[in-house]
1. Checking the conditions here, which among Ser513, Ser452, Ser504, Ser521 is at pLDDT 50 or above and either open to solvent by less than 80 Å² (accessible area, probe 1.4 Å) or in a helix (DSSP H, G or I) (or both)?
2. Pull out all pairs, ordered by first then second residue, where Cβ-Cβ is under 9 Å, the residues are six or more apart or on different chains, the first lies in the range 11-27 and is under 11 Å from Asp39 (Cα atoms) and part of a loop (DSSP other than H, G, I, E, B), and the second is at pLDDT 75 or above and open to solvent by 70 Å² or more (accessible area, probe 1.4 Å).
3. Could you tell me which of the residues Thr137, Thr162 is open to solvent by 80 Å² or more (accessible area, probe 1.4 Å) and farther than 30 Å from Asn251 by Cα?
4. Of all residues being of a type in the set (Ser, Thr, Tyr) and closer than 15 Å to Ala177 by Cα in the range 197-252, which is most open to solvent (accessible area, probe 1.4 Å)? Just the residue, please.
5. From the list Val206, Val243, exactly one residue is under 20 Å from Glu445 (Cβ atoms) and either under 23 Å from the mean Cα position of the chain (by Cα) or in contact (Cβ under 8 Å) with a residue 40 or more places away in the chain (or both). Which is it?
6. Please go through the range 200-229 and pick out each residue that is under 15 Å from Met167 (Cα atoms) and not in a strand (DSSP E or B).
Amino acid sequence: MAEAEGDDRDRRVIKNVPKAWKADIWAHFRFYEVNGKLDKSYAVCKICHTKIKHVGNTTNFTNHVDRWHPELASTTTTTTQKVDTSQPRIDESLVSTLPHNSERAKRITRSVACFIAKDQRPYSVVENAGFRHMLKTIEPRYKLPTRATFTDSALPALYKETKAKVMESMCKARRVAITSDAWTSVATESYVTITSHYISEDWKIVSHVLQTRAVYESHTGAHMARLLLDVVEEWQLTDKSVVLVTDNGANMISAAEIGKFPHVKCFAHTLNLAAQRALKLPAVSRLLGRVRRISAYFHRSTKAKHLFEENQRVVLKLTSPLKLITDVATRWNSAHDMMKRFLQLQAAVHATLLSPALNVDESDIVTLSRADLANVEEVVKTLKPVKDATVFMSEESSPTVSLIAPVYAQLLQSMSDTIGDQPLIRDVKNAIKTDLLKRYNSEAEKKILHTSSALDPRFKGLPFLTEEERLDVSAGVTSEAASLEEYERKQRTEADQAPGRTGSSGTKEELLSVDDNVSDSAGPSAPLPKKGPHRCF
């Protein structure tokens with residue numbers, strides 16, 4: 001009987017699994033067919049014919065293949081990894097996309113627009129793979145808009161919003177200064193940038209870049225005046241007593257006259273013009289050419305650079321070697337720095353150039369004689385006051401207009417001839433002094449500069465002016481303070497008469513303190529303040 005049952009079991013038909021079972025592991029197993037039906041309690045391995053219990057999942061079968069038929073496991077894994085891209089993945093279906101009009105999506109889009117504007121990135125940054133990957137990691141549900149969206153809507157909306165805030169802030173200021181600077185891009189395109197500066201209600205200096213506009217027509221005084229007047233009108237500054245600060249260009253001087261702007265020339269630019277005139281003297285230009293040639297040699301020769309650094313450690317005992325500086329034509333102070341650094345490292349420079357390891361031809365590198373070195377040293381010493389003034393004006397954190405007159409007077413005194421000056425130094429001083437004397441000669445400009453200095457407690461004594469000039473400035477400031485006090489009195493009266501409104505407080509006290517400051521014209525001037533970020537207005 002038992003033998004009959006065994007024979008019947010052996011004669012059972014083995015069938016493939018149902019087609020509805022898609023798991024790749026079933027390619028290696030079958031089921032017995034009993035009485036025309038599949039017996040799903042056990043499955044049979046096609047390779048070794050081992051019976052494995054089926055409990056409703058494929059774990060037992062996968063373990064069997066991994067243990068006894070590893071060569072089939074890799075095939076199964078590879079097959080499993082072939083994903084039908086036409087069907088959504090489970091993890092993707094679980095992550096919903098943020099609607100583009102949701103608050104979070106709007107905030108992210110605005111943040112990307114701010115990134116482009118603040119860091120001056122090209123619009124194409126939103127198409128970069130790395131940038132898109134970063135956003136996908138931060139917020140998988142966010143769908144980054146196209147480049148056109150940022151160009152046509154996101155950035156214009158951000159500009160409109162920012163412009164409204166800037167205009168709201170500037171409308172609270174009583175006076176506004178604007179600075180203008182024309183420049184040319186690397187693509188040889190001409191632009192003009194307009195910046196505003198004013199003091200906020202909490203007495204903080206506020207600056208805004210109002211616009212950078214392409215200029216296609218010639219930079220004549222009439223064209224520049226029209227551009228500046230358009231800016232004043234667009235930003236609603238017509239009632240802000242706008243003062244214009246520009247460089248010394250003839251077209252900008254003409255533009256200020258045509259536009260009837262109170263005009264102050266940038267003092268840093270004035271110093272640059274005066275110093276450049278001295279640097280163009282033939283004797284100074286020759287010295288600069290020799291120093292520049294040596295500096296360029298050490299910049300292009302890796303072998304000379306290495307020996308130069310070693311000589312600095314040995315000869316000058318420097319733990320951190322320095323580099324020679326090469327000047328830039330548009331920045332006069334770079335020429336001063338180049339000569340000063342050369343003097344500082346001249347011992348190491350000569351030791352390197354005379355080293356047999358370099359085998360330098362004297363015709364290739366022109367060294368400086370003792371007389372040349374002495375002249376370089378004297379030129380650096382003579383230019384130091386101009387250098388100090390440039391650095392001081394560029395790093396000052398408060399408005400610098402009150403510093404122009406006293407620093408200007410001090411520089412003129414420093415550039416006066418002294419006994420014992422060599423002919424070269426007399427020429428340098430005369431070149432700088434001659435150029436400075438051409439600046440700040442108009443009465444309107446003098447009034448602005450002297451009044452500003454009188455209101456500065458450090459210079460209220462106006463020691464750089466004659467007695468007659470001090471009395472005129474003091475009288476003018478006192479008269480203007482009285483006019484402002486009368487204006488404030490009328491404003492308070494109108495405010496008190498208006499129902500539900502109160503007048504401003506503290507203005508009278510502020511004016512009285514200004515009046516006291518001006519009247520004390522005999523007081524000593526204070527030392528110059530500490531340095532900070534530049535404000536040229």
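1. Working: Ser513 fails: at pLDDT 50 or above; Ser504 fails: at pLDDT 50 or above; Ser521 fails: at pLDDT 50 or above.
Just one listed residue meets the conditions, Ser452.
2. Pairs found: Val17/Arg30; Val17/Lys40.
3. Values: Thr162 fails: open to solvent by 80 Å² or more (accessible area, probe 1.4 Å).
Exactly one of Thr137, Thr162 is open to solvent by 80 Å² or more (accessible area, probe 1.4 Å) and farther than 30 Å from Asn251 by Cα, namely Thr137.
4. To start, the set of residues in the range 197-252 that are of a type in the set (Ser, Thr, Tyr) comprises 198, 200, 207, 212, 216, 218, 220, 238, 241, 246.
If we keep only those that are closer than 15 Å to Ala177 by Cα as well, we get 198, 200, 207, 238, 241, 246.
On the way: Tyr198: 5, Ser200: 26, Ser207: 50, Thr238: 113, Ser241: 66, Thr246: 4 Å².
Step by step, filter the range 197-252, then rank; the result is Thr238.
5. Working: Val206 fails: under 20 Å from Glu445 (Cβ atoms).
Among Val206, Val243, only Val243 is under 20 Å from Glu445 (Cβ atoms) and either under 23 Å from the mean Cα position of the chain (by Cα) or in contact (Cβ under 8 Å) with a residue 40 or more places away in the chain (or both).
6. Our first condition is that a residue be under 15 Å from Met167 (Cα atoms); within the range 200-229, this holds for 200-201, 206-211.
Once the filter is applied, which keeps residues that are under 15 Å from Met167 (Cα atoms) and not in a strand (DSSP E or B), the range 200-229 yields Ser200, Glu201.
Table: residues versus (1) in a loop (DSSP other than H, G, I, E, B); (2) touching a Leu at 6+ places or on another chain (Cβ under 8 Å); (3) free of Cβ contacts under 8 Å to residues at least 12 places away in the same chain.
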site: Phe115; (1), (2), (3): no, no, yes
site: Val125; (1), (2), (3): no, no, yes
site: Leu135; (1), (2), (3): no, yes, no
site: Ala148; (1), (2), (3): no, no, yes
site: Thr151; (1), (2), (3): no, no, no
site: Ala154; (1), (2), (3): no, no, no
site: Lys160; (1), (2), (3): no, no, yes
site: Val166; (1), (2), (3): no, yes, no
site: Arg175; (1), (2), (3): yes, no, no
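A quick yes/no check of all residues on (1) touching a helix residue (DSSP H, G or I) at 6+ places or on another chain (Cβ under 9 Å); (2) crowded, with 19+ Cβ neighbours inside 10 Å; (3) closer than 30 Å to Thr451 by Cα:
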| site | (1), (2), (3) |
| --- | --- |
| Glu309 | yes, no, no |
| Leu322 | yes, no, no |
| Asp327 | yes, yes, no |
| Phe342 | yes, yes, no |
| Ala374 | no, no, no |
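The values are calculated or read from the model by the stated rules, or taken from the named source; none is laboratory data. Just so you know, these numbers come straight off a predicted model, no measurement behind them. Glycine gets a Cβ as well: all are built from the backbone with ideal geometry, and neighbour counts include every protein chain shown. Ligands, DNA and RNA are excluded from the accessible area calculation, which covers all protein heavy atoms including side chains. Shrake-Rupley method; radii C 1.70, N 1.55, O 1.52, S 1.80 Å.
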